[in-house]
Amino acid sequence: MNNLTSLLGIKYPVIQGGMGNISNAILTAAVSEAGGLGTIGTGTMGPNKVEEIIQETKKRTNKPFAINIALSVSPYVKEILSLVIKYSIPIVSLSAGNPVPYVPKLHEHGVKIISVSASVRQAKKAESAGVDVIVAEGYEAAGINSSLEITTLALIPQIIREVHIPVVAAGGIGDGKGLAAMLALGASGVQMGTRFIATKEAPFHQEYKKKIVGATDHDTVIIGRAVGKIRRVMDTEYAQKLLQIEKKGTNQEHFNALTSEEFHIIGALNGNGMDGFMNGGQISGLIQDIPTVHELMERMMDEAKHQLSTAIKIL
């Protein structure tokens, strides 16, 4: 047990990343049951849908899980925070926006706050506001990323040097070696998204999982640079279509419409890479199987211990 696992009440220092509108109770509960921190990403979902997922997750596990709110994306921030309090959700992850206004009320109700940061400045601001954990996310990660495009390896030690609360590494991590590397850098744990998509419990389309398992080191692309809103996705027909639209010229409103959660669902849940996108991190090139969540977590812990032990012997 370290400072992160003790604080969050989990067995292993592994957090599931929020997955927006494709979030579900099945995977969230499986991650928590396996010893990590499962997360419901609320995306643009309305409070009724989020409440359904919370209720189902609570039926599947009595272990801690988190709610992720992308502050600049969700139209229902206040309503979802009310659900957090109503259902005594112990942990909230705040991303894509300023967490400061929400800290006092959440702490008043005993909720631990994770803030996703992509720079030292953001992390220091979040710590000053009183958040409990920083998730430092490099742009290797899937989905919406910071336009700063700082890699995880460069970002983690810089943030750790400047803050005094637990730091969790995200972006480009999918196995025990990645966990060991981040612990060696001083992180207290890791957050993963893409790796959990390629698990047996994850109720996503098999074409999505096959796309990840069959990926090479260059099978993800960045879209959105032309409008200052970057997102890392699997290299599909739809992703190439978006890149061509950017090349010809577009505006943020038009691009946002083409990358709304509607098209995320078409890609991830319907397996249709022609008409929708599939979020995917650069770690895809290392993923070669589809284990259960429990198998994945146990394997990661064993591999991390072995890797750290081997490194010490080398020194």
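Just to be sure, is THR250 among the polar types (S, T, N, Q) and either modelled with pLDDT of 95 or more or surrounded by 22 or more Cβ atoms within 10 Å (Cβ to Cβ) (or both)?
Details: among the polar types (S, T, N, Q): yes; either modelled with pLDDT of 95 or more or surrounded by 22 or more Cβ atoms within 10 Å (Cβ to Cβ) (or both): no.
Taking the combined requirement at face value, the residue does not satisfy it.
Could you tell me whether HIS294 is in a helix (DSSP H, G or I), within 22 Å of the chain's Cα centre (by Cα), within 20 Å of GLY176 (Cβ to Cβ) and not charged (D, E, K, R)? I'd like the intermediate steps shown before the answer.
Details: in a helix (DSSP H, G or I): yes; within 22 Å of the chain's Cα centre (by Cα): yes; within 20 Å of GLY176 (Cβ to Cβ): yes; not charged (D, E, K, R): yes.
Here the answer is yes, as HIS294 does meet what is asked.
Quick grid of which residues meet (1) at pLDDT 95 or above; (2) in a helix (DSSP H, G or I); (3) assigned by TED's automatic domain parsing to the domain that holds ALA96; (4) not β-branched (Val, Ile, Thr):
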| site | (1), (2), (3), (4) |
| --- | --- |
| THR28 | yes, yes, yes, no |
| VAL31 | yes, yes, yes, no |
| ILE40 | yes, no, yes, no |
| GLU51 | yes, yes, yes, yes |
| GLN55 | yes, yes, yes, yes |
| LYS58 | yes, yes, yes, yes |
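Can you tell me which of GLN252, GLN244, GLN282 is among the polar types (S, T, N, Q), touching a helix residue (DSSP H, G or I) at 6+ places or on another chain (Cβ under 6 Å) and over 27 Å from ALA25 (Cβ atoms)? Steps first, please.
Values: GLN244 fails: touching a helix residue (DSSP H, G or I) at 6+ places or on another chain (Cβ under 6 Å); GLN282 fails: touching a helix residue (DSSP H, G or I) at 6+ places or on another chain (Cβ under 6 Å).
Criteria check complete, one pass: GLN252.
Taking interchain pairs and intrachain pairs at least six residues apart, which have beta carbon atoms under 6 angstrom, with the first residue in region 178-202 and buried (at least 24 other Cβ atoms within 10 Å of the Cβ) and the second basic (Lys, Arg) and part of a loop (DSSP other than H, G, I, E, B)?
none
Find the residue count for region 209-239, including only residues that are buried (at least 18 other Cβ atoms within 10 Å of the Cβ) and not small (Gly, Ala, Ser).
Applying the first criterion (buried (at least 18 other Cβ atoms within 10 Å of the Cβ)) to region 209-239 yields 209, 211-212, 215, 220, 223-224, 226, 230-236, 238-239.
Restricting the remaining residues to those that are not small (Gly, Ala, Ser) gives 209, 211-212, 220, 223, 230-236, 238.
The number of residues fulfilling the criteria is 13.
Report, by residue number, each residue of region 119-149 that is touching a Phe, Trp or Tyr at 6+ places or on another chain (Cβ under 7 Å) and surrounded by 17 or more Cβ atoms within 10 Å (Cβ to Cβ). Explain how you work it out, then say what you get.
Taking region 119-149 and keeping what is touching a Phe, Trp or Tyr at 6+ places or on another chain (Cβ under 7 Å), we get 145-146, 149.
Once the filter is applied, which keeps residues that are touching a Phe, Trp or Tyr at 6+ places or on another chain (Cβ under 7 Å) and surrounded by 17 or more Cβ atoms within 10 Å (Cβ to Cβ), region 119-149 yields ASN145, SER146.
State all residues of region 64-82 that are of a type outside the set (D, E, K, R), in contact with a helix residue (DSSP H, G or I) (Cβ under 8 Å, 6 or more places away or on another chain) and surrounded by fewer than 18 Cβ atoms within 10 Å (Cβ to Cβ); if no residue qualifies, say none.
Passing the criteria: PRO64, LEU71, SER82.
Kindly list, by first and then second residue, each pair from a residue in region 288-300 that is over 12 Å from ALA34 (Cα atoms) to a residue that is part of a loop (DSSP other than H, G, I, E, B), limited to pairs with Cβ atoms under 8 Å and residues at least 6 apart or on different chains.
Every condition considered, the pairs that remain are ASP289/ALA198; ILE290/ALA198; ILE290/THR199; ILE290/LYS200; PRO291/THR199; PRO291/LYS200.
Could you list, in sequence order, the residues of region 150-162 that are surrounded by 19 or more Cβ atoms within 10 Å (Cβ to Cβ) and farther than 20 Å from ALA180 by Cβ? Outline the logic, then answer.
We begin by selecting, within region 150-162, every residue surrounded by 19 or more Cβ atoms within 10 Å (Cβ to Cβ); these are 150, 152, 155-156, 159-160.
Matches in region 150-162: ILE150 only.
For region 34-52, which positions are within 13 Å of SER74 (Cα to Cα), buried (at least 24 other Cβ atoms within 10 Å of the Cβ) and of a type outside the set (Val, Ile, Thr)?
GLY41
Name the strands (runs of 3 or more DSSP E) wholly inside region 117-214 in which the number of residues that are outside the structural domain of TYR102 (by TED's automatic domain parsing) and aliphatic (A, V, I, L, M) is 3 or more. Working first, answer last.
Details: elements: 133-137, 167-170, 189-192.
Ranges flagged: none.
Please work out if GLY249 is among the small types (Gly, Ala, Ser) and in contact (Cβ under 8 Å) with a residue 40 or more places away in the chain. Quick ask: steps written out before the conclusion?
Working: among the small types (Gly, Ala, Ser): yes; in contact (Cβ under 8 Å) with a residue 40 or more places away in the chain: no.
Criteria not met by GLY249.
Looking only at region 13-30, filter to residues that are touching a residue at least 60 places away in the same chain (Cβ under 8 Å) and farther than 20 Å from VAL111 by Cα; which one of those is surrounded by the fewest Cβ atoms within 10 Å (Cβ to Cβ)?
Among them, the one singled out is ILE26.
Consider ALA239 against the criteria (1) of a type in the set (A, V, I, L, M); (2) closer than 23 Å to LEU269 by Cβ; (3) part of a loop (DSSP other than H, G, I, E, B): it satisfies all of them except one. Which criterion is unmet?
Tallying (1) of a type in the set (A, V, I, L, M); (2) closer than 23 Å to LEU269 by Cβ; (3) part of a loop (DSSP other than H, G, I, E, B), ALA239 fails exactly one: (3).
The values are calculated or read from the model by the stated rules, or taken from the named source; none is laboratory data. No experiment lies behind these values; they were computed from the predicted model shown. With ideal geometry, Cβ positions are generated from the backbone for all residues, glycine too; neighbour counts draw on all protein chains shown.
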